[in-house]
Amino acid sequence: MHRVDLPIFYWVNRWPEAWATFFRFLSEATNYAGVKIFLVTLLLTMMFRSRNARLAAIQALVAFPIANEITDVLKQQLPDPRPFQVLPDVIMRVGGTDSMGTASAHSANMAAVAVAMTLNLKWWGAPWIIIAVLTGISRIYCGAHFPGQVLWGWCVGIAVGFAVHFLWRAIETWRRQRSEPATAGSNHAE
């Protein structure tokens, strides 16, 4: 994989320094208090909107930590070093870490959110897809992950987002079917 990873990594990591502020922000956005406040406000606002908006927010809140935890497990079980841990000429635009880079948690988290938003809000999910893609690219640009690790993260996030959505729908269907016989039986008793 690194035969394909290295040329793409170097190409993205060497993009103009003028883009650093934008990509560094995307790479580290959830570390900023203002971004956290904005996201919490957005999710709370969605909770009081339409049923679909509420489902999107809840499913995103469920999928995000699951995707993050899966990437942490992958990093422990299938260790794959980050670019700055093995390449001497990486342009580092974010702080380093001792953790492995097997699957990008940032990419997985945003992909899970994007899937939850898209499956529930249809075309309103497009901005979230763009954010997920740019977040993954930012992790390469900032020197934190190889492209394959970002792709791995996206795959984890997409799988988790779909799993949460369809499991949610299956539980709703099961609950509805379970309550229907009781409702139907009470109509006959009258």
Test: Arg54 is basic (Lys, Arg) and either closer than 18 Å to Val115 by Cβ or surrounded by 17 or more Cβ atoms within 10 Å (Cβ to Cβ) (or both):
yes
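If we only count helices (runs of 4 or more DSSP H) wholly inside segment 1-58, which ones have 1 or more residues that are within 15 Å of Pro147 (Cα to Cα) and without any contact (Cβ under 8 Å) to a residue 12 or more places away in the chain? Steps first, answer last, please.
On the way: elements: 2-13, 20-28, 33-47.
By residue number, 2-13.
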Just to be sure, is Ala126 out of contact with any helix residue (DSSP H, G or I) (no Cβ under 6 Å at 6 or more places or on another chain), within 27 Å of Ala18 (Cβ to Cβ), buried (at least 24 other Cβ atoms within 10 Å of the Cβ) and at pLDDT 95 or above?
no
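The values are calculated or read from the model by the stated rules, or taken from the named source; none is laboratory data. Quick caveat: nothing in here was measured; it's all calculated off a predicted structure. Every residue, glycine as well, gets a Cβ built from its backbone with ideal geometry; the counts of neighbours run over all protein chains shown.
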